[in-house]
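Structure, as structure tokens:
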Amino acid sequence: MGAFRTEEMTAPPAASGAALAADYARCAAITRQSSSNFYYAFMLLPPARRRALYAVYAFCRFIDDIADDDSITEPAAMLGRWRDELRNVFAGTPTRPVSRALADNVGRFGIPRRYFDEVIDGVEMDLTRRRYQSFDELDLYCRRVASAVGLICIEIFGYRNPASRIYAEKLGLAFQLTNIIRDVREDAARGRIYLPLEDLHRFQVTEAELLDGAYSARFRALMAFEAGRARDFYREAAVALPPEDRSSMLSAEAMRLIYSALLEQIVRSDYRVFDRRHRLSTPRKLYLVGRAWAGSRLARVTG
């Protein structure tokens with residue numbers, strides 16, 4: 001992703017419809033090449049909404065990668081430049097390919113700027129924090145980097161009941177906790193521990209054990225506890241989704257099936273996250289997307 005970002009910060013502005021189409025194609029390529037679970041779920045959307053979400057994903061991908069790319073010598077300054085570019089997006093004067101595509105949609109779908117600011121706030125936390133003492137502290141981080149993205153997405157999906165925002169918030173928390181559980185090894189390699197230290201203490205797992213990738217019964221008990229917390233958020237999201245918005249949240253429901261399946265794969269492996277990176281195969285993702293679509297169709301018939 002580093003090459004994408006460097007070019008993104010130096011590309012000249014485009015003015016033609018053909019150039020905007022190229023900007024959208026770039027966003028789709030970034031989403032596809034990242035092997036994102038979102039890419040498959042977005043297939044269920046009409047073209048205009050799908051393009052809008054590719055733009056959102058590409059923007060968030062650039063922001064998120066800033067904290068993890070060791071080749072960036074001044075990540076805080078780069079985040080500052082993206083804040084400036086976000087102002088350009090909402091002023092209608094974007095200067096980068098991804099932000100031009102984003103600017104084409106923020107007004108069309110009425111997306112509040114504060115959600116994008118929260119995503120940047122969350123990534124800024126990664127620059128200054130490597131530990132979270134409690135879940136309350138981690139909750140704030142998850143809401144910024146994940147729930148805020150969900151709130152952006154549902155504006156594009158479209159909804160009638162404000163309770164759908166609770167659904168998006170809960171689902172974002174579930175997704176981010178699943179990522180944290182999956183990425184313990186990768187985060188430890190960067191010196192980061194997202195699992196709350198109060199939970200490590202509860203299950204008598206030391207920071208050194210996590211950083212060294214030590215697999216034990218105590219570690220499995222810790223991870224089972226965290227998986228249970230993620231499952232709770234998946235359940236709370238499902239309960240919060242208003243019936244009248246189920247059809248518009250079809251892509252979100254596909255993502256819920258994909259991420260919850262990923263979590264259950266980790267659980268079945270007995271939390272073997274140090275010696276492998278868990279992912280779902282493309283056929284499995286497509287199956288789950290199809291299942292979400294079929295479930296939506298059945299609900300319409302029986303409803």
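At-a-glance table
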quantity: Share of pairwise Cα separations in region 142-280, more than 19 Å, in percent; calculated: 51
quantity: Computed over region 1-128, Cα set: Rg, Dmax in Å; calculated: 13.8, 41
quantity: For the chain, projected area of the alpha-carbon convex hull averaged over all directions, nm²; calculated: 15.6
quantity: Sites residue 198 and residue 127 - FRET efficiency at Förster radius 35 Å, r taken between beta-carbons, to 0.05; calculated: 0.90
quantity: Least to most buried among 73, 206 (fewest other Cβ within 10 Å first); calculated: 73, 206
quantity: In range of the label at residue 113: residues from region 128-157 whose backbone nitrogen is under 11 Å from the point 7 Å along Cα→Cβ; calculated: none
quantity: Only Lys, Arg (+1) and Asp, Glu (-1) charged, at Cβ; region 130-291 dipole about Cα centre in debye; calculated: 520
quantity: Residues 72, 66 arranged by fewest to most Cβ contacts within 10 Å; calculated: 72, 66
quantity: Karplus-derived HN-Hα couplings along region 131-148 (A = 6.51, B = -1.76, C = 1.60, θ = phi - 60°), whole Hz, x at Gly and Pro; calculated: 9, 10, 5, 10, 5, 4, 5, 5, 4, 4, 4, 4, 5, 6, 8, 10, 4, 4
quantity: Gain in span if fully extended, residue 229 to residue 163, counting 0.36 nm per residue against the direct Cα distance; calculated: 21.6 nm
quantity: Least to most buried among 269, 260 (fewest other Cβ within 10 Å first); calculated: 269, 260
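Rule-based calculations on the coordinates, nothing more; no lab input. This is a predicted model, so every value here is computed, not measured. Virtual Cβ from ideal backbone geometry, glycine too; neighbours counted across all protein chains shown.
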